[in-house]
Amino acid sequence: MIELGVNIDHIATVRQARRTYEPDPVIAAALAEQGGADGITFHLREDRRHIQDRDVELLKRTVTVKTNMELACADEVVDICCRTQPDWGLLVPESRQEVTTEGGLDVAGDSGRVKSAVQRLKDAGILVSLFIDPDMDQIRAASELGVDAVELHTGPYAIARRDDQKRELDRLASAGEAVTTGGMRLHAGHGLNYTNVRNVAQIPDMIELNIGHSIVSRAVMVGMKEAVAEMRRILDLYAP
Ligand SMILES: CC(=O)[C@@H](O)[C@H](O)COP(=O)(O)O
Ligand SMILES: NCC(=O)COP(=O)(O)O
């Protein structure tokens, strides 16, 4: 059964729109757990556009399923991650101008900075995952760093036109095989929704999917617990 990581960043996006106290991503995380989430994912960005340091502290204390903190390879947030001790640290690329994460981490081209962040998280006893494009050179570089998991960037698949989607899905499946062969857990995420998730869920050896924006969008209509439960039912149907 595929594990569902629910990313609650965009609950915090709504709160930050007014710089106020609601909706609280910590409460949303508890409701996501009740809906069947196997993990809670949260991205402490350097610009703090949504998740705040306070959220990270409270999530660590209140979440009873896996905690998966997303962060850049930057000393300030690596320090916070090592101090907070989530179960997982997912290293992602960041730029101030981006609306959301664009490409995957360039492990092959920037291994010094990535390697340093990976080592610090491992030394702190945190499981490490790298958010990378479905690219063989990047997967090889990730394997050489000895990380515990790779999260394949499903963004290009998610935005592909129908006639390109099969090519992107095949690319994910081939990359997934390389991740598993490399001895790493196979995760995927970004831009997945209640429809396009079905094909990704059926990729062999897929262990975990991290989904946020689509679940939060659905939660606006039906509530967080039901939005997560609906996604859980789809995953159980397509990847029992
Ligand atoms: C890496 C990824 O695809 C997301 O988990 C990330 O959190 C996207 O950034 P925003 O949540 O800020 O859109
Ligand atoms: N790492 C991907 C994630 O956590 C959720 O991405 P999205 O579903 O918000 O695009």
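Which residue, Thr154, Thr64, Thr20, has the most motion in a Gaussian network model of the chain that connects Cα atoms within less than 10 Å?
Thr20
Evaluate the distance, in nm, between pseudo-label points positioned 7 Å from the Cα of Lys122 and of Tyr21 along their respective Cα→Cβ axes.
For Lys122 paired with Tyr21, the spin-label model returns 4.3 nm.
Given labels modelled 7 Å from the Cα in the Cβ direction, how far is it in nm from Arg162 to Arg233?
Label-label distance for Arg162 and Arg233, simple model: 2.6 nm.
Using a simple spin-label model with points 7 Å from Cα along the Cα→Cβ vector, what separation in nm is obtained for Thr64 and Thr100?
It works out to 3.0 nm between the two label points.
Over the Cα atoms of the range 1-123, how large are the radius of gyration and the largest Cα-Cα distance (Dmax), in Å?
Looking at the range 1-123, its Cα Rg and Dmax stand at 14.3, 41 Å.
Using mean Cβ contacts within 10 Å as the protection proxy, how do 189-200, 88-99 order, highest first? Spell out each step's value before the answer.
On the way: 189-200: 20.0, 88-99: 17.6.
Output ranking for 189-200, 88-99: 189-200, 88-99.
For the chain, I need the span (max minus min coordinate) of the C-alpha atoms along each principal axis, in Å, sorted largest to smallest.
43, 40, 32
When the Cα centres of the range 151-226 and the range 28-46 are compared, how far apart do they sit, in Å?
Each part's Cα centre sits 17 Å from the other's.
Could you tell me the largest-minus-smallest coordinate of the C-alpha atoms of the range 112-227 on each of the three principal axes, in descending order and whole angstroms?
Here the spans come out as 42, 33, 23 Å, largest first.
A short reminder: the numbers here are calculations on the coordinates, not readings from a lab. What you are looking at is a predicted structure, and each value in this text was computed from that prediction instead of being measured. Here Cβ is always computed from backbone atoms with ideal geometry, including for glycine, and neighbour counts include all displayed protein chains.
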